[in-house]
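Here is the structure we will look at, set down as structure tokens.
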Amino acid sequence: MDAELQESFREFVDGRSSALLKTAVLLTGGDRHAAEDLLQNALIKAAGRWQRIDEPEAYVRQVLYRQQISRWRLKWRRRELSVPEPPEARAAPDTTSAADLRLVLRAALSRLTARQRTVLVLRYFEDLPEADVARLLGCSVGTVRSTTHRSLARLRTLAPELAALAPAPGREQPPSRDYSPVEVRP
């Protein structure tokens, strides 16, 4: 790779690696070390083809998705549970609902299967349409829909407190209707 290409690759990594790492963390279920490995492997593949890539971010994201798919399609499963950080003594609870929501969501996402997590990340974090998700995962749109439905149902089961922390927009409870007789005054 010549100096100009090398410089453009460095600029891309400096500018976009934090956003790409966030996606990788979500794809790996919150395991930051696995996410860093996933992103590093994707960037290595991109570096080898850098002169032929038209849209670098789209290429790296596609490699991230495909590598994650390959990880959960492997026949062997790791029996060891790895966590990104050792458990610490519980500190005073944070009163901000956004932080509570992130913690609950991360814990619930880590209990989903890799396929379920990947579909939810692509649909809701990356905001991709079902057809694009199906193309990326190599399955039908119906499979994406059913996996999304099952994943959301499992999330609701694993973390019912998500609904209490952040009600979905447009789904607020309707005002209660009081059907008691109203006195009309002229």
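The values are calculated or read from the model by the stated rules, or taken from the named source; none is laboratory data. Remember, it's a predicted structure, so these values are computed and weren't measured experimentally. Cβ placement follows ideal geometry from the backbone for every residue including glycine, while neighbour counts extend to all protein chains displayed. With ligands, DNA and RNA removed, areas are computed over all heavy atoms of the protein, side chains included. Shrake-Rupley method; radii C 1.70, N 1.55, O 1.52, S 1.80 Å.
Take the residues of the stretch 107-130 that are among the basic types (Lys, Arg) and in a helix (DSSP H, G or I): which is nearest to Arg66 (Cα to Cα)? Looking at residues that are among the basic types (Lys, Arg) and in a helix (DSSP H, G or I), I get Arg115. Here Val133, Val104 are screened, and the one residue that is surrounded by 16 or more Cβ atoms within 10 Å (Cβ to Cβ), free of Cβ contacts under 8 Å to residues at least 60 places away in the same chain and in a helix (DSSP H, G or I) is Val133. Of the residues Glu126, Glu55, Glu80, Glu85, the single one that is modelled with pLDDT of 90 or more and not aliphatic (A, V, I, L, M) is Glu55.
Taking the stated definitions as given, is Val60 within 17 Å of Ser17 (Cβ to Cβ), part of a helix (DSSP H, G or I) and either β-branched (Val, Ile, Thr) or modelled with pLDDT under 90 (or both)? The answer is yes for Val60. Only residues that are more than 13 Å from Thr147 (Cβ to Cβ) and without any contact (Cβ under 8 Å) to a residue 40 or more places away in the chain were counted across the stretch 110-128, and they come to 2. Screening the candidates Arg102, Arg123, Arg135 for the property of being more than 20 Å from Ala58 (Cα to Cα) and basic (Lys, Arg) yields one hit, Arg102. Within the stretch 23-34, can one find any residue that is open to solvent by 40 Å² or more (accessible area, probe 1.4 Å) and either in the same structural domain as Asp132 (by TED's automatic domain parsing) or in contact with a Lys or Arg (Cβ under 9 Å, 6 or more places away or on another chain) (or both)? Yes - at least one qualifying residue is present in the stretch 23-34.
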